[in-house]
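The structure appears below as structure tokens.
The values are calculated or read from the model by the stated rules, or taken from the named source; none is laboratory data. Quick caveat, the model's predicted, so the values are computed rather than measured. Neighbour counts run over all protein chains shown; Cβ positions are idealised from the backbone, glycine included.
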Amino acid sequence: MATGIKDKVAILGMGCSQFGERWNVGTNELLAEAFEEALADAGIERKQIEAAWYGSGLDPVNVGNSAIPAAMGLRLDLIPVSRVENMCATGTEALRSAVYAVASGAVDIALAIGAEKLKDAGYGGLPTPYKGTFNDMWLPMGSAPAGFAQLAAGYRTKHGISKEELKRAIAHVSWKSHQNGVHSPKAHLRKAVTMDQILNAPMIAEPLGLFDCCGVSDGAAAAIVTTPEIARALGKHDLVSVKAIQLAIASGVESSMSNWDGSHVRTTRAAAKRAYAEAGITDPRKQLSLMEVHDCFSITELVTMEDLFVSEEGRAVHDVLDGFFDRGGNGVPCQVDGGLKCFGHPIGASGLRMAYEVYSQLLGRAGERQLASPSMGLTHNLGGVPYLGVAAVSVFGLMG
Amino acid sequence: MSNQTHDYGITGFGGYIPRLRMQRAAIVATHQWMAPGLRSLGKGQRAFCSWDEDTITMAVEAARDALGQRTTAELQSLTLASTRMPYANVQNSSLVAASLQLPATAATADQGYSERAGVAGLLAALRSAAGPALVVASDHPPAKPASTQELTYGAGAAAFTLGSDKVLARLVGHASRNNTFVDHYRAEDQSFDYFWEERWIREEGYLKVVPQTVKAALQQAGLTAADVHHFVLASSLKAVDQAVAKKLGIAPEAVADALDSTCGYAGAAHAPMMLALALERAQPGQHIVVVGFSQGCDVLVLQVTDALADFKPVRGISGALAEAQPHDAYMRMLSYAGGIDLEWGMRAEKVIKTALTDQYRSSHQLAGFVAGHCRACGTVQFPQLTYCVNPACNAPAAQFDPVSLRDVPAQVLTYTADALSYHPAPPLYVGFVQFDNGARLLMEMVDVGAAGLDVGTPLRSVLRIKDLDKARGHTRYFWKMTPLAA
């Protein structure tokens with residue numbers, strides 16, 4: 001019986017670039033920003049890294065296929081470097097690979113790094129991906145917001161919630177994240193917005209308006225991982241360890257069978273259950289100190305609160321409107337750094353950026369955003385679309 | 001001809017008209033600064049194709065209207081008539097055959113290059129009397145902005161099943177003529193028709209050529225003008241049908257509805273559409289004269305039988321007329337027709353290239369909208385991949401039974417109106433469609449009317465253009481859904 005990876009791997013150092021419209025830098029510079037901070041935090045040199053995983057989601061606005069561009073950009077000479085891509089979970093996928101490499105004993109120190117240069121696209125939003133020769137012949141070419149907006153129809157129908165109430169709840173999701181983003185120096189969007197601004201913004205994909213959608217940014221983030229023993233040997237005292245990293249991928253059940261009701265994300269639920277089992281979490285609503293979830297769109301975050309079993313089914317609207325996820329709301333603060341909403345979503349970086357916030361909070365380094373004595377944090381990614389996607393749930397905590 | 005031992009004739013009929021109807025007043029208003037003379041043509045509305053409709057898609061819808069729940073397994077031939085085929089050297093009828101799941105052994109043929117192609121195709125099939133056949137005429141003649149034709153032209157299709165079982169109208173006389181009367185033309189490499197003076201077309205063309213041919217056909221049938229209950233003469237010229245009927249001595253009330261104020265002239269499909277509507281209104285024992293005019297003419301004399309009472313098209317031309325969605329934004333029609341190159345933004349730059357290899361490999365499920373019914377667990381699924389989607393089953397797809405989703409009742413499960421994606425008719429309505437047999441898939445929803453969409457809105461399938469690959473001149477088709485109620 002597999003024992004999982006709980007406490008087998010510690011984070012030695014992390015880095016996160018400035019997120020935003022980084023017109024004057026390319027992917028290499030973004031990678032370097034995150035890499036140098038992580039190296040300095042870890043207190044090691046480049047040549048001590050034995051293996052690396054590089055996450056990038058979109059070739060056309062990045063550096064291209066394979067790990068060679070990353071190896072060149074960071075001058076990682078002759079060590080094994082792999083490029084990973086798993087939609088919006090790409091950053092977490094890179095971290096998972098590095099963590100597994102250390103947990104297996106294959107290497108002592110591994111690097112996970114991800115970046116995306118979205119602002120070389122020439123327009124706002126994500127480039128339209130190809131879905132393969134077969135799928136392109138029949139699947140509608142909907143945008144990312146169109147994929148997630150459908151959750152709203154499914155959710156309100158299942159729970160008998162009016163369009164207006166759901167719109168208010170998802171507006172609160174975005175309002176809360178913008179409030180938090182003000183205190184995040186590395187975030188892209190650092191302005192608070194009013195509920196009226198959110199509710200009256202132009203429609204992108206019904207019912208999602210402009211402020212229901214996350215920002216579109218350039219950014220990179222990195223983690224250097226090792227065993228707890230080596231971390232201590234290198235002089236680290238307060239250790240953040242990986243409690244769980246779980247992935248769940250849709251096989252077509254939601255999109256081709258008739259039992260999914262459109263109101264929840266099946267992959268998130270599966271990944272969460274496995275992650276909680278691996279991390280030993282029995283009551284996430286009480287045990288989690290903070291969450292960084294995949295708020296690509298406001299409705300996604302709302303539904304995710306139920307899919308992570310923090311809110312009961314049908315209760316997320318009320319938890320959201322009650323401020324349970326707000327900073328200082330006596331609940332589980334969510335997106336204390338502003339989330340994708342304020343950082344934007346450079347695909348390859350996002351999962352690692354979320355881990356960076358949890359890591360910083362656990363070590364008490366979050367500055368103005370610092371929560372009172374957090375002990376366990378969760379990150380969540382949702383790639384693709386709710387009905388055909390990739391969900392990742394990770395748990396990090398202080399090592400006893 | 002009426003005494004032939006082997007009865008053969010029309011056994012079913014149907015039609016299709018795009019739901020989109022441009023108010024002619026809006027066209028007139030747009031052009032009044034330079035063409036104030038168009039004002040007299042500003043009454044009523046004309047049908048126009050959505051960006052994703054063409055001869056193929058309308059032909060499939062008309063054929064489905066005629067076929068209803070009847071099987072296509074017996075059909076031995078398909079003729080598709082149009083002046084505007086999407087491909088110059090792809091057999092267009094084969095695309096229609098694939099979408100209708102005709103037997104692979106059916107003979108398919110295209111009939112074109114003339115606005116009487118529809119009538120000529122129907123006449124040829126009736127004369128050959130060669131087994132169960134499907135004849136479809138579908139057209140959307142192009143018209144230059146501010147031309148008379150932009151106001152008088154329309155779009156649509158009609159379909160007829162022919163055979164020996166339950167013949168509802170049989171051919172009792174016919175006549176043809178050919179000549180070099182070229183009153184308008186569209187050269188192979190030109191976009192629009194070039195027209196000569198209407199008075200000449202009326203007097204030297206219709207009024208001289210049609211009457212003598214109709215007389216010959218009636219004579220062959222042993223009938224006179226007084227026996228004609230429905231006179232079908234399609235023309236983009238107003239009232240020419242009444243003038244010809246008068247000259248022949250056919251009663252004015254026998255002149256068939258030319259769909260002038262509701263649809264407009266649909267080229268090679270127009271006379272067949274008028275015939276399909278006339279059949280909806282005809283009584284057993286009545287006679288219908290159908291004229292196809294263009295460099296001469298073809299005339300059919302049809303006798304309606306008692307079997308007509310037992311046939312109804314799914315919606316028919318009358319149903320299609322009733323499904324009108326009025327539009328008054330002229331630029332919408334112009335853009336759909338490719339008449340103006342609007343700024344669609346960078347998202348429209350996406351390369352739309354079809355792997356012809358995969359198109360052929362996948363045609364068994366994409367063309368006919370064919371899901372797989374798993375014999376092991378009963379799950380109906382689209383697309384059909386290698387193994388059954390049911391996690392409790394995962395049986396190999398080799399044992400799937402093919403089930404077309406075309407006519408399975410369906411409704412909206414989820415939806416959104418996507419204003420961000422590039423779409424030629426924004427917003428893109430997209431969502432999950434739940435079919436009553438358990439199948440579901442993400443689909444595009446089109447021709448969404450004023451009532452909009454909601455969870456549970458009843459839908460029906462329509463074949464449409466999935467993508468237009470302008471760089472490579474390729475059109476790919478797939479099924480979309482439209483609200484049952486216009």
*Sole residue being part of a loop (DSSP other than H, G, I, E, B), at the interface with chain B (Cβ under 8 Å from one of its Cβ atoms) and hydrophobic (A, V, I, L, M, F, W, C), chosen from A:L151, A:L139*: A:L139
*For the range B:354-367, enumerate the residues that are within 9 Å of another protein chain (Cβ to nearest Cβ) and surrounded by 15 or more Cβ atoms within 10 Å (Cβ to Cβ).*
B:T354, B:D358, B:Q359, B:S362, B:Q365, B:L366
_Matching residues, the range B:371-396, being farther than 28 Å from B:R64 by Cα and within 12 Å of chain A (Cβ to nearest Cβ)_ = B:C377, B:T386, B:Y387, B:C388, B:V389, B:N390, B:P391, B:A392, B:C393, B:N394
*asked:* From the list A:L210, A:L199, exactly one residue is under 22 Å from the mean Cα position of the chain (by Cα) and either in contact (Cβ under 8 Å) with a residue 24 or more places away in the chain or closer than 24 Å to A:P386 by Cα (or both). Which is it?
replied: A:L210
*asked:* Give all pairs with beta carbons closer than 9 Å in which a residue from the range B:438-449 that is on the phi > 0 side of the Ramachandran plot meets a residue that is among the β-branched types (V, I, T); count only pairs at least 6 apart in sequence or on separate chains.
replied: B:G438/B:T379; B:G438/B:V380; B:D447/B:V462; B:D447/B:T482
*Is there a residue being part of a helix (DSSP H, G or I) and over 10 Å from the mean Cα position of the chain (by Cα) anywhere in the range A:370-386?*
no
*Criterion violated by A:A42 - all others in (1) in the same structural domain as A:K119 (by TED's automatic domain parsing); (2) under 30 Å from A:L388 (Cα atoms) satisfied*: (2)
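Is it the case that B:T72 is assigned to a loop (DSSP other than H, G, I, E, B) and touching a Phe, Trp or Tyr at 6+ places or on another chain (Cβ under 8 Å)?
Working: assigned to a loop (DSSP other than H, G, I, E, B): yes; touching a Phe, Trp or Tyr at 6+ places or on another chain (Cβ under 8 Å): no.
For B:T72, the condition - assigned to a loop (DSSP other than H, G, I, E, B) and touching a Phe, Trp or Tyr at 6+ places or on another chain (Cβ under 8 Å) - is not met.
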*A:T157 fails exactly one of the following numbered conditions: (1) touching a helix residue (DSSP H, G or I) at 6+ places or on another chain (Cβ under 8 Å); (2) touching a residue at least 60 places away in the same chain (Cβ under 8 Å); (3) over 28 Å from A:L247 (Cβ atoms). What is the number of that condition?*
(1)
*Please enumerate the residues belonging to the range A:192-215 that are modelled with pLDDT of 95 or more and within 12 Å of A:F343 (Cα to Cα).*
A:C213, A:C214
_Return the pair list, or none, for Cβ contacts closer than 9 Å from residues in the range A:24-45 that are under 20 Å from A:L58 (Cα atoms) and at pLDDT 95 or above to residues that are part of a helix (DSSP H, G or I) and among the acidic types (D, E), at least 6 apart or on different chains._
A:V25/A:E33; A:G26/A:D120; A:T27/A:D120
_Search result, residues across the range A:317-333 that are among the charged types (D, E, K, R) and in a loop (DSSP other than H, G, I, E, B)_ = A:D322, A:D326, A:R327
*If A:T300 passes every condition in (1) out of contact with any Phe, Trp or Tyr (no Cβ under 6 Å at 6 or more places or on another chain); (2) within 14 Å of another protein chain (Cβ to nearest Cβ); (3) buried (at least 24 other Cβ atoms within 10 Å of the Cβ) but one, which one does it miss?*
(1)
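Go over the candidates A:A171, A:A146, A:A201 one by one and state the one that is more than 14 Å from every other protein chain (Cβ to nearest Cβ) and either part of a helix (DSSP H, G or I) or among the aliphatic types (A, V, I, L, M) (or both).
Working: A:A146 fails: more than 14 Å from every other protein chain (Cβ to nearest Cβ); A:A201 fails: more than 14 Å from every other protein chain (Cβ to nearest Cβ).
None of the others qualify; the one that does is A:A171.
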*Which one of the conditions (1) facing chain A (nearest Cβ under 10 Å); (2) buried (at least 17 other Cβ atoms within 10 Å of the Cβ) does B:A320 fail to meet, given that it meets all the rest?*
(1)
_Tally of residues being surrounded by 23 or more Cβ atoms within 10 Å (Cβ to Cβ) and not in a helix (DSSP H, G or I) across the range B:51-69_ = 3
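Determine, yes or no, whether B:V314 is of a type in the set (A, V, I, L, M, F, W, C), within 14 Å of chain A (Cβ to nearest Cβ) and either exposed (fewer than 13 other Cβ atoms within 10 Å of the Cβ) or more than 30 Å from B:G222 (Cβ to Cβ) (or both). Quick ask: steps written out before the conclusion?
Numbers: of a type in the set (A, V, I, L, M, F, W, C): yes; within 14 Å of chain A (Cβ to nearest Cβ): no; either exposed (fewer than 13 other Cβ atoms within 10 Å of the Cβ) or more than 30 Å from B:G222 (Cβ to Cβ) (or both): yes.
Considered against the rule, which asks whether it is of a type in the set (A, V, I, L, M, F, W, C), within 14 Å of chain A (Cβ to nearest Cβ) and either exposed (fewer than 13 other Cβ atoms within 10 Å of the Cβ) or more than 30 Å from B:G222 (Cβ to Cβ) (or both), B:V314 comes out as no.
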*Is there a residue in the range B:21-31 that is assigned to a helix (DSSP H, G or I) and crowded, with 24+ Cβ neighbours inside 10 Å?*
yes
*Does the range B:333-342 contain at least one residue that is in contact with a strand residue (DSSP E or B) (Cβ under 6 Å, 6 or more places away or on another chain) and either over 17 Å from B:G12 (Cα atoms) or not assigned by TED's automatic domain parsing to the domain that holds B:L207 (or both)?*
yes
*Failed condition for A:K119, given (1) outside the structural domain of A:P346 (by TED's automatic domain parsing); (2) not in a helix (DSSP H, G or I), with all others met?*
(2)
